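Okay, so here's the structure we're looking at.
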Amino acid sequence: MKRILLLMTLSASIWCTAQTPCVDGYAGPYPCENVDLISVTPINEIGGGDNLNDIWGWTDPQTGKEYAIIGRSNGTAFVDVTDGANPIYLGNLPTAIQGNNLWRDVKVYDHFAIIVSEHSSHGMQIFDLNHLEEVTDAPEQFTPDAYYTEFGHAHNVVVNEESGYAYGVGTSGFNGGLHIVDINDPLNPVLAGGYAEAGYTHDAQVVNYKGPDEEHVGKEIAFAFNADIVAVIDCTDKTDCQLISTASYADVQYVHQGWLTEDQRYLLVDDELDELYNGTTLHTHMYDMLDLENPVYMGFYDHEIYSSDHNQYVKGNFTFQSNYSSGLRILDISDIANANLTLAGMFDILPDFDQAGFDGSWSNYPYFESLNVILSTYEALYVLRPSDFIMVGVEEQIAPTAVQIGVSPNPVDQFATLTIAGAKGKMNLDIVDLQGKVVRSIDAMPILGNNLQLDVSDLRTGVYIIQVRGEVNASARLIKL
């Protein structure tokens, strides 16, 4: 989509670099609910260019380090976000074709980043993420480890990490439909097949199906978002993909992207243009996919704000949505069977701009073990921390007048700084492991300046709950060591 430029002046204060808890509906200048701000890093600090675009994440299984992989108009930035409050820009993979392009997309297979762009003749870059641990003089200039040229431009790339296939969509071949690449050997990508009959595919999710429709269990199924329809395609045989069904809804404008619930029963869908062209408030559409041959439209959730939707990803009972001007919005989908979604959290990255259009949050990645969420806008990388009840199902606010706790850094190495707001008098603190055992207690703890330095160097690596409580208020927070 063509970007509508937002004419606005960003003051220096908007680029908050330190952890800022969400207190009384704000984290610094940003309206929020149940989402803390960890850091903001502007585009000029992570390689520059005309704009940022897509974002994905990767965790090094050997070191536990967490990395943000961010598309830019002129390349791909790699940022160490292990300490979310202090991101480290490690280096740049330049675009395959000289010049700037609004669109770039990235996904990960094993320890390889898979990167495409709308830039003509760009092809697909493959980059070994193990190089990030080898960086000694950041930022470095990287080169791709492999390069696939069976298509030129691609709007997006989808990776089924279970099967080892990448799906280029919106490419120069297969009528813009699915262009399937075998990346089981990432350094030697091979064309495996494609599907053109359902027309142009803008985005997709491809899974090894384990859902409720027993007829299709074990097959590789693509849920393709094709502008005016959702197409369900059996891609088990890459050389002979078969259409299972298509679905749409009244007043459709542009079926842009979507994601399945974890049980693969329900499908949440973004329509990028219905708000703009139909004049509606922000909508999230829902399908019951009990029978893949007969998807049932369930209606939509009305956010009751003016914004456009873009990308969303499901984790547990929540969907994490990047909705342009309204930023990150997190919906509780635990009652989706009754078409009942509720707002669980939000972080508005454009406080003074609430309308349909294409400025704001492009995408997000909510799958880090640190429980941080990374988010991209055209101008910056955000590291955010939703409340624990969203990220791991642990209710953080355990009293009506709960204390607000910030932890920095998180994950913690040896020392953690607790930022405590709303505390009254002396507080008691417990550190509890996930089996419920109290491993550290501090009683009658005085709160001086709302900050507390906590030594955790003697605790084993793992995830713990910090509980702070007093006579009238209490709260809890997860930390990772």
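Among the lysines of the chain, pairs at least eight places apart or on separate chains and with Cα atoms under 18 Å apart come to 7. Full extension of the chain between Asp237 and Ala250 yields a length gain of 1.4 nm, computed as 0.36 nm times the residue separation minus the alpha carbon distance. Extent of the stretch 15-391 along its three principal axes (Cα atoms, max minus min coordinate, largest first): 50, 48, 37 Å. For the chain, relative contact order (Cα pairs under 8 Å, six or more residues apart, normalised by length) works out to 11 percent.
Under unit Cβ charges (Lys, Arg +1; Asp, Glu -1), what dipole magnitude, rounded to 20 debye, does the stretch 224-284 have relative to its Cα centre? Can you show the working numbers first?
On the way: 2 positive and 12 negative charges, 20 e Å.
Around 100 debye, computed over the stretch 224-284.
Put in line by how crowded their Cβ is, counting other Cβ atoms within 10 Å and starting with the fewest, Ile305, Ile233, Ile333 read Ile305, Ile333, Ile233. Selection among Ala227, Val373, Tyr209 by position relative to the dipole of the chain gives Val373 as farthest towards the positive end (Cβ unit charges, Cα centre).
Sorting the segments 260-266, 129-135 by their residues' average number of neighbouring beta-carbon atoms within 10 angstrom, most packed first, yields 260-266, 129-135.
Phi-derived couplings, Karplus 6.51 cos²θ - 1.76 cosθ + 1.60 at θ = phi - 60°, listed residue by residue for the stretch 138-146: 6, x, 9, 9, 9, 10, x, 8, 8 Hz, with x used for Gly and Pro.
Simple point charges give the picture: +1 on the Cβ of Lys and Arg, -1 on the Cβ of Asp and Glu, and for the chain a dipole about the Cα centre of about 1220 debye. What is the stretch 307-388 by shape, rounded, prolate or oblate, if you read a ≥ b ≥ c off the alpha carbon gyration tensor as root eigenvalues and call it rounded for a/c under 1.5, prolate for a/b larger than b/c, and oblate otherwise? Judged from the Cα gyration tensor, the stretch 307-388 comes out oblate (a/c at least 1.5, b/c at or above a/b).
Positive end of the dipole of the chain (Cβ unit charges, origin at the Cα centre): among Ala166, Ser475, Gln264, the Cα lying farthest that way belongs to Ser475. Averaging the Cα positions of each part gives two centres, and for the stretch 22-57 and the stretch 218-232 these lie 32 Å apart. Percent of C-alpha pairs per 5 Å bin in the stretch 185-271, short distances first: 3, 14, 23, 24, 18, 12, 5, 1, 0.
None of the figures in this text is laboratory data; all of them are computed from the coordinates on show. In this text, all values refer to a predicted model and were calculated from it rather than measured experimentally. Virtual Cβ from ideal backbone geometry, glycine too; neighbours counted across all protein chains shown.
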